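See structure below.
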Amino acid sequence: MANNPGSRVQDAYEHLVAEISSFRLRTGAPLSENRIASELGISRTPVREALRLLEKEGLVKRTDNARYAVSRLTPQEADDACDLLEVLDAYIARKAAQRMTSNQAETLLGYVDQMRQAAKEGDIAAWSAADTKFHRMLNDIAGNALVANTVKETRRRVQRFWLRAASRHHRLESCSDEHAVLVEAIIKEDYQAIEEAVRLHIGHMRERVLDLLESAALFIGE
């Protein structure tokens, strides 16, 4: 664990994001600052700062007793997030089409190959890692840090639910193919195809996340 206070906050933040995104910390789970600090071998202060950052991003919330818990995602919030992703992902892809080099295109297609292999093996963690690298690189190519940060935070809120739903419905392989279609459209600078590829991909994400949230609501009686 790093000694720099800022690095300790980042370490705690990344640890909690990974725990929440992988569902090792489930929706509604209480978050103990003492327990997290003990697990990471740090003081409560960087943990508290990391939780505040996650609260701003909507991944955790304060409970009635002023402690933190993993946030629930409502169908309306998921729908709104997908609306925003559809607009911003299309923007990023259009910007990337204007700037992408052949080497960058090959790298992106390499990430797609990694997704396809992980999907065949049923390795959700490897698929998610390749997907993260894909979108991070696309954001870097587009070159708009403000939009990239907004997209990252928005995608994080729904991605954990989408990954669970996609794995249940064997959607990872077809989603990998959707990424490939998007890259090909970017390479060709075909803006209409970019719009269609993004709309299709986000549409499938929306459908699966809303289905999962509806099923969860029926199960827990919400």
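Applying the selection to the stretch 1-16, what residues are at pLDDT 85 or above and either surrounded by 12 or more Cβ atoms within 10 Å (Cβ to Cβ) or of a type in the set (Gly, Ala, Ser) (or both)? Result: 7, 8, 9, 10, 11, 12, 13, 15, 16. Taking the stretch 11-49 as the range and being under 29 Å from residue 167 (Cα atoms) and part of a helix (DSSP H, G or I) as the test, the residues that pass are 11, 12, 13, 14, 15, 16, 17, 18, 19, 20, 21, 36.
Given the condition in contact with a Ser or Thr (Cβ under 9 Å, 6 or more places away or on another chain) and either surrounded by fewer than 17 Cβ atoms within 10 Å (Cβ to Cβ) or touching a residue at least 40 places away in the same chain (Cβ under 8 Å) (or both), answer yes or no: does some residue in the stretch 199-213 qualify? Within the stretch 199-213 (the criterion being in contact with a Ser or Thr (Cβ under 9 Å, 6 or more places away or on another chain) and either surrounded by fewer than 17 Cβ atoms within 10 Å (Cβ to Cβ) or touching a residue at least 40 places away in the same chain (Cβ under 8 Å) (or both)), the answer is yes, since at least one residue qualifies. With within 21 Å of residue 208 (Cα to Cα), touching a His at 6+ places or on another chain (Cβ under 9 Å) and at pLDDT 90 or above as the only criterion, which of 81, 126, 119, 90 stands out? 119 is the lone residue from the list that is within 21 Å of residue 208 (Cα to Cα), touching a His at 6+ places or on another chain (Cβ under 9 Å) and at pLDDT 90 or above. For the stretch 103-114, the criterion of being assigned to a helix (DSSP H, G or I), more than 20 Å from residue 199 (Cα to Cα) and hydroxyl-bearing (Ser, Thr, Tyr) is satisfied by at least one residue. Taken together, the criteria exclude residue 110 from residues that are at positive phi and either modelled with pLDDT of 95 or more or not acidic (Asp, Glu) (or both).
What is the number of the single condition among (1) out of contact with any Leu (no Cβ under 6 Å at 6 or more places or on another chain); (2) modelled with pLDDT under 95 that residue 161 does not meet? Only one criterion in (1) out of contact with any Leu (no Cβ under 6 Å at 6 or more places or on another chain); (2) modelled with pLDDT under 95 is unmet by residue 161, namely (1). Yes or no: residue 16 in the same structural domain as residue 159 (by TED's automatic domain parsing) and either more than 26 Å from residue 214 (Cα to Cα) or hydrophobic (A, V, I, L, M, F, W, C) (or both)? For residue 16, the condition - in the same structural domain as residue 159 (by TED's automatic domain parsing) and either more than 26 Å from residue 214 (Cα to Cα) or hydrophobic (A, V, I, L, M, F, W, C) (or both) - is not met.
Yes/no per residue for (1) within 26 Å of residue 143 (Cα to Cα); (2) in the same structural domain as residue 164 (by TED's automatic domain parsing); (3) in contact (Cβ under 8 Å) with a residue 40 or more places away in the chain; (4) of a type in the set (Ser, Thr, Tyr):
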{"position": "42", "(1), (2), (3), (4)": "no, no, yes, no"}
{"position": "48", "(1), (2), (3), (4)": "no, no, no, no"}
{"position": "52", "(1), (2), (3), (4)": "no, no, no, no"}
{"position": "55", "(1), (2), (3), (4)": "no, no, no, no"}
{"position": "64", "(1), (2), (3), (4)": "no, no, no, no"}
{"position": "86", "(1), (2), (3), (4)": "yes, yes, yes, no"}
{"position": "97", "(1), (2), (3), (4)": "yes, yes, yes, no"}
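The residues on offer are 51, 40, 85, and the sole one that is under 16 Å from the mean Cα position of the chain (by Cα) and among the hydrophobic types (A, V, I, L, M, F, W, C) is 85.
The values are calculated or read from the model by the stated rules, or taken from the named source; none is laboratory data. All values derive from a computational prediction rather than experimental measurement. Glycine also receives a Cβ, built like all others from the backbone with ideal geometry; neighbour counts cover every protein chain displayed.
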